[in-house]
Amino acid sequence: MKHFLPRLFAGCLALALSWAMAADGVTKNQLLIGQNITLQGGKNDYGMAVQDGIQAYLNLINSRGGVNGRQVVLKTLDDDNKSSQAEANARQLVEQDKVFILFGSIEGGPSTAVMKAAIDLKVPFFGPIAGSPTLRRPHQPLVFPVRAEHREEFRALLAYGKSIGTTRVGFMRADSETGQQHLANVKLLCQELGMELVADLPFKSDVADAQIDQMVGQLEKGRAQIVFNHGSPGVYEKLIRKSRAQGLPTSFYAVNSGSAQMAKHLGPLAHGMVFTQVVPSPWERKTAITREYQEELARQKPGREFSYGSLEGYVTAKALVAALRLAGPEPTRESFLAGLSNASLDLNGLRAVYSREQHTGLNFVDLSIVTREGTFRH
């Protein structure tokens with residue numbers, strides 16, 4: 001008996017320690033979610049819009065009692081659009097702040113950096129708001145994107161260009177491993193569609209005006225008919241302005257990231273631009289999710305403009321809450337993963353799908369064009 005008691009105590013202690021580790025971020029009244037996001041101290045319009053949508057939905061859920069009686073609380077750190085800072089933030093959130101899971105970064109570089117930390121620390125990473133191929137291929141069991149990936153946006157833009165008779169393509173991308181993967185996808189899509197990539201435009205995060213001038217020269221020399229981008233709307237905006245100042249006839253297309261903010265900054269120069277969107281129009285009331293979003297954002301943030309960014313944030317937060325509910329009344333990271341092993345999340349008309357082998361999320365991609373009035377027509 002005297003030998004049995006120490007063994008029993010040791011077993012109970014090990015079980016308690018195991019439960020405590022699994023339940024990081026979970027208390028009787030709270031689920032603490034760790035978020036790294038690009039806000040740049042409030043200067044990143046897109047990040048701020050995304051955060052508006054996320055907060056609007058979580059405020060709504062918390063006012064209704066939260067998830068299984070627990071308030072969903074975000075611990076948010078700003079990566080300043082730096083991948084190294086994003087990874088450091090993710091590690092701090094897990095190791096020091098003891099969050100339950102990681103959530104809701106934007107942009108491919110920072111999101112990939114958060115993913116690296118999540119995999120290393122064995123913590124689920126839900127809802128990266130980025131289209132990087134690294135988030136899905138090879139399959140990452142701990143990473144759960146919600147939005148469609150950039151590859152499907154590239155496909156939609158190129159198919160549209162092909163339909164109106166253009167064949168000569170330029171592609172602006174980050175000079176990084178992820179950018180190389182995007183480039184490989186664009187080359188394959190061009191081959192499939194019988195189009196030619198005539199200008200590959202890589203850039204570093206510290207891109208200077210001289211490099212933008214060089215890109216304009218490449219577009220002119222290659223006689224590119226259409227150009228599109230891999231994220232980084234601020235850099236792409238500079239390229240568009242310089243190209244228009246040089247009188248290039250090239251048509252500029254773009255992926256969804258920061259599209260509303262880019263069109264606003266460009267003003268008349270944005271007229272006729274074609275953008276992919278990974279959520280429905282935030283200004284129209286044709287879908288149930290958009291009607292829900294409009295009513296809630298207007299109630300919580302009167303006067304705040306509707307945008308693709310805030311709608312995507314709202315949808316991503318809605319998916320997060322649906323995933324947390326699947327984790328059960330006593331959530332652990334293991335039960336969170338188990339709940340998403342064969343899940344179809346109904347997001348009021350949109351559906352995000354996950355299985356053990358593939359984390360598809362949403363496959364929604366639409367096209368929009370900027371009118372003379374600066375509005376988006378789908």
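The values are calculated or read from the model by the stated rules, or taken from the named source; none is laboratory data. None of the values given here were measured: they were computed from a predicted structure. In this analysis, Cβ positions are derived from the backbone assuming ideal geometry, glycine residues included, and neighbour counts consider all displayed protein chains. Remember, those area values only see protein heavy atoms, side chains included, never the ligands or the DNA or RNA. Shrake-Rupley method; radii C 1.70, N 1.55, O 1.52, S 1.80 Å.
Given springs between every Cα pair under 10 Å in a Gaussian network model of the chain, which of SER310, SER111, SER84 has the largest fluctuation?
Highest fluctuation of the listed residues: SER84.
Quick check: Cα centre of the stretch 143-160 to Cα centre of the stretch 185-208, how many Å?
What the calculation gives is 15 Å, centre to centre.
Which of ALA159, ALA49, ALA113 moves most in a GNM of the chain, Cα contacts under 10 Å?
Comparing ALA159, ALA49, ALA113 in the GNM, the peak value goes to ALA159.
In the stretch 302-342, if every C-alpha pair distance is counted and binned at 10 Å from zero, what percent goes to each bin?
With a bin width of 10 Å, the distribution comes to 28, 36, 21, 14, 0.
Can you give me the angle between helix 4-22 and the longest principal axis of the chain, using Cα atoms only, in degrees from 0 to 90, rounded to the nearest 10?
20 degrees
What do the square roots of 5 times the Cα gyration tensor eigenvalues come to for the chain, in whole Å, largest first, as semi-axes of the equivalent ellipsoid?
Equivalent ellipsoid of the chain: 40, 22, 18 Å, largest first.
Find how many whole Å separate the alpha carbon centroid of the stretch 213-263 from the alpha carbon centroid of the stretch 281-307.
Cα centroid of the stretch 281-307 versus Cα centroid of the stretch 213-263: 30 Å apart.
With a 1.4 Å probe and every protein chain left in place, tell me how much accessible area ASP45 has, in Å² to the nearest 10.
Here the accessible area works out near 70 Å².
I'd like the accessible area for PHE306, computed on protein heavy atoms only with a 1.4 Å probe and all protein chains in place. Round to 10 Å², please.
Answer for PHE306: close to 60 Å² accessible.
Quick one: divide the alpha-carbon radius of gyration of the stretch 88-138 by 2.2 N^0.38 Å and tell me what you get.
Ratio of Rg to 2.2 N^0.38 Å for the stretch 88-138: 1.04.
Which angle between 0 and 90 degrees, to the nearest 10, do you get for helix 288-300 versus the longest principal axis of the chain when only C-alpha atoms count?
Long axis of 288-300 versus the principal axis of the chain: about 80 degrees.
Which of the three applies to the stretch 50-162, rounded, prolate or oblate, going by the alpha-carbon gyration tensor with a ≥ b ≥ c and a/c under 1.5 meaning rounded?
Taking the square roots of the gyration eigenvalues as a ≥ b ≥ c, the stretch 50-162 is oblate.
Please work out, to two decimal places, the log10 of the ratio I(q)/I(0) at q = 0.16, 0.22, 0.24, 0.28 Å⁻¹ from a Debye calculation in which every Cα of the stretch 160-228 carries one identical scatterer.
-0.55, -0.95, -1.07, -1.25
Please list 126-136, 175-185 highest first by mean number of surrounding beta-carbon atoms within 10 Å per residue.
Put in order of decreasing packing, that is 126-136, 175-185.
Roughly how many Å² of ARG155 are accessible to a 1.4 Å probe, to the nearest 10?
Counting only protein heavy atoms, ARG155 exposes about 90 Å² to solvent.
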